[in-house]
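One structure is given below, encoded as structure tokens.
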Amino acid sequence: MRILVVGSGGREHTLAWKLAQSPNVYEIYCAPGNPGIAEIASCVDIGVDNVAKLIEFSREMKIDLTIVGPEIPLVLGIVDEFRSEKLKIIGPTKHAAQLEGSKSYSKHFMNKYNISTAKFDEVNTFEEGMKVLKKHTYPVVVKADGLAAGKGVFICNSLSEAEASLETIMKDNAFGDAGNKVVIEEFLEGIETSVLCFVDNDSIIPMVSSQDHKRIFDGDKGPNTGGMGTYSPNYVYTKEVEEQVEKEILLPTLKGIKSEGMDYRGIIFIGLMITKEGPRALEYNVRLGDPETQVVLPRLETDLVEIFNAMLENKLSETKIEWNNKAVVCVVLASKGYPDKYEKGKVIEGTNNVDDDILVFHSGTAIKEGKLVTNGGRVLGVTARANDLKEAISKAYSNVEKIKFEGKTFRTDIAKK
Ligand code: AMP
Ligand code: GLY
């Protein structure tokens, strides 16, 4: 098969790496890709939101299957457009992508299908927001309704902090139209878990669990980022929690997907908070997580293409999906200043000096004058596999030291809680 991967980050690099292992795949293209992906696939210079060009390319190159990494094209409706051209594609329809595209939509969906989540209010103006915040208990969570690359969520410890966040979203328009509406939410205390699932119209099948580290600094301090590191399996995700999540969150989600007529054949990723009172859904993402994918796919033993093909025919339930027992840790190397302003173009050295079994997935990198340079907030992910978590942590960090660039920033406490 000829496969097209849409995206340019660590998640797409991991997808391409996994797909390249499939005996069913003889050619992989990636739009637009990055220098790491270019080592295993042909990168084509088409932006992820240029759906018309992606369709034209798929037709021309006779692509058999397209897999979309990031949320933006999904929310734009890439799946509907590919399907109407009779091109095979993995992902949610535009309708279903609202589960990620609008926090307000997803909160109403959760309530409608009795999925346990934090209590919330939604507001359309700054003044309305202030009224809610003045009456609220603290901490409180303030969220831009639309897409904000993981940066539109603020955990606020006081009214003044919450006011400043509301101002950023609704007055400074830091996230554009994504901030026209704001969700104000009860703060949930607990341990986070990411559960990525394969889904079709008959079943929802969770992958192995993982945990992301969203804040920029050690000890979960500082602003939220797209994710600074992950590990799998997540120690809080016991058999008991897994069963409870299946019954109280996954199956009701599938019921909602069916009842709303979404025709969803793709990935749904549920962000959970495991609280003392039990698991609560924080959010839906309609795609693979980044950097969750970097630790989950290395544990998948089954051919990913077989899973995707089964999904397209609504036959997921008939597919045996197998995972290995490895512990996997990914440490993200970011540019100094991320998630705020940062500089690009710093020369990266040492990506080829890592140990043989280490995976270095590229996120924000580019080639400039023949050299590998930084080109984004999150630059690289260093992923280690081992028989236990302790060994995986130590392997990941000893290899992090081998990669160098000016301003290299990373958390030193990934998977160490
Ligand atoms: P979201 O995009 O809604 O998942 O929010 C991003 C991150 O903010 C989550 O992964 C959590 O770390 C944090 N967060 C979101 N909502 C809550 C909440 N109600 N209570 C505590 N933390 C939250
Ligand atoms: N790492 C969180 C996300 O992909 O949204």
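The values are calculated or read from the model by the stated rules, or taken from the named source; none is laboratory data. Everything quoted here is computed from the prediction, not taken from an experiment. We place every Cβ from the backbone using ideal geometry, glycine too, and count neighbours over all the protein chains shown. To get the accessible areas, we keep the full protein, side chains included, count just its heavy atoms, and leave off ligands, DNA and RNA. Shrake-Rupley method; radii C 1.70, N 1.55, O 1.52, S 1.80 Å.
Could you work out the local net charge near Ala174, counting Lys and Arg as +1, Asp and Glu as -1, over the other residues with Cβ closer than 12 Å to its Cβ? Don't skip to the end; give the middle numbers.
Details: positive: Lys151, Lys171; negative: Glu167, Asp172, Asp177, Asp340.
Net local charge, Ala174 excluded: -2.
A crude spin-label estimate for the pair Asp357 and Asp340, with each label 7 Å from Cα along the Cβ direction, gives 4.2 nm.
On a full-extension model of 0.36 nm per residue, what is the gain between Asp202 and Met1, subtracting their alpha-carbon distance, rounded to one decimal in nm? Can you show the working numbers first?
Details: separation 201, 0.36 × 201 = 72.36 nm, distance 2.54 nm.
Length gained between Asp202 and Met1: 69.8 nm.
Legend: Rg and Dmax of region 235-370, from Cα coordinates, 19.0, 55 Å.
Since only Gly33, Val354, Leu15 are under comparison, the one whose Cα sits farthest along the positive direction of the charge dipole of the chain, derived from C-beta charges on Lys, Arg, Asp and Glu, is Val354.
Residues whose amide H falls under 5 Å from that of Arg215, counting only those 5 or more places apart or on a different chain, are Thr225, with hydrogens built in the peptide plane. Residue pairs exceeding 30 angstrom between C-alpha atoms, taken from Lys119/Lys395; Lys119/Lys336; Lys62/Lys371; Lys171/Lys221; Lys107/Lys416: Lys119/Lys395; Lys119/Lys336; Lys62/Lys371; Lys107/Lys416. Stretching Gln244 away from Lys390 to a fully extended chain increases their span by 49.8 nm, per 0.36 nm per residue minus the current alpha-carbon distance.
For region 136-244, the set of chymotrypsin sites (Phe, Trp or Tyr not before Pro) satisfying both a DSSP loop assignment and a count of at most 16 other C-beta atoms within 10 Å is given as Phe187, Tyr235. Over the C-alpha trace of region 78-196, radius of gyration and Dmax come out as 16.1, 52 angstrom.
Rounded to whole Å, the principal axis extents of the Cα atoms in the chain read 58, 48, 43, largest first.
Ignoring ligands, DNA and RNA, what percent of the 1.4 Å accessible area of the chain is carbon and sulfur? Whole-percent figure for carbon plus sulfur exposure: 47.
I'm checking a number: the convex hull volume of the Cα atoms of region 283-361, normalised per residue, in Å³. What is it? The partial results should precede the final answer.
Details: hull volume 13.5 nm³, N = 79.
With only Cα atoms used, region 283-361 gives 170 Å³ per residue.
In the context of the full set of protein chains, residues of region 1-138 present 44 Å² of accessible surface per residue (probe radius 1.4 Å, heavy atoms only).
Taking Thr383, Thr374, Thr125 in turn, the Gaussian network model of the chain (Cα-Cα springs below 10 Å) assigns the largest fluctuation to Thr125. Coupling constants for region 255-267 follow from the phi torsions by the Karplus curve (6.51 cos²θ - 1.76 cosθ + 1.60, θ = phi - 60°), and in residue order they are 4, x, 4, 5, 4, 7, x, 7, 6, 9, 10, x, 10 Hz; glycine and proline get x. Solvent-accessible surface (1.4 Å probe) assigned to Glu192 amounts to roughly 60 Å².
Here the sum of -39500 (n - 2.57) over DSSP H runs of 4 or more residues, divided by the residues of the chain, equals -7500 deg cm²/dmol at 222 nm, to the nearest 500.
In a Debye calculation with equal point scatterers on the alpha-carbon sites of region 326-417 and no solvent, what is log10 I(q)/I(0) at q = 0.10 Å⁻¹? Log10 of I(q)/I(0), two decimals: -0.25.
Only protein heavy atoms count here; under a 1.4 Å probe, Lys395 has an accessible surface of about 40 Å².
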